[in-house]
Structures are given as structure tokens and as C-alpha cells.
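Notes follow the structure.
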Amino acid sequence: MWLGRKEVGTVFDLLGVKENDLTYSLGWAFVNAPSLLTQITAADLGRERQPPVTVYLQRPSAESGGFTDIEIQSETAHVIIEAKRAGRCRT
């Protein structure tokens, strides 16, 4: 696939490779791929469970004045994911 004169090898060639681009893409994937969300929360919580009901991206923290990158929250669970980008993305 090509975008103008640039070959598109991954979704990040469309969206970008900065930390926020990756955070937003992962959040979108969680909401649009419930099985991925279930697998991530099962790994973090050590058991299979229903997908959480809300995914927050860059939710402000009243305590620190900063924000968390991704929060996955339901009535029974709260998972926080801190996004870090290291090195270059390669196809």
C-alpha cells in the first residue's frame, strides 16, 4: 500500500510513531478489539474476565498534575498502562 510517494508497511506509517500516536492507537485497538482487551486484562489480573467498560487515554491526575497514558476501568478492576517508546519502529 502506498500513501502518496511513501510505502505504508504498518498502521504507524499512517498515524505516526511518536509516543502519543502509539498510545492513541493502542487505546483504539482496545475498544475495537474486545478479545485483545480481554487478553491484556487477564494477563494483568491473572484470570479471565469480561472486558472492562471504559478506556481512558491521557486521563488527568488531580494528585500529580500529570496524566496517565491508558487506564482500563470496570466496576471490579482498574488497570493503568504507561506508554514508553524506545528505539525506532521497524517493518
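The values are calculated or read from the model by the stated rules, or taken from the named source; none is laboratory data. Model, not experiment: these values are computed from the prediction. Here the Cβ positions follow ideal geometry from the backbone for every residue, glycine too, while neighbour counts run over all protein chains shown.
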Number of positions in the range 8-51 that are modelled with pLDDT under 80, farther than 16 Å from Ser74 by Cα and touching a strand residue (DSSP E or B) at 6+ places or on another chain (Cβ under 9 Å)
2
First in the range 1-13 and within 19 Å of Leu26 (Cβ to Cβ), second anywhere and loosely packed, with under 11 Cβ neighbours inside 10 Å and β-branched (Val, Ile, Thr), Cβ under 6 Å, 6 or more apart
Gly9/Thr91; Thr10/Thr91
Just to be sure I understand, how many residues within the range 57-73 are at positive phi and more than 14 Å from the chain's Cα centre (by Cα)?
1
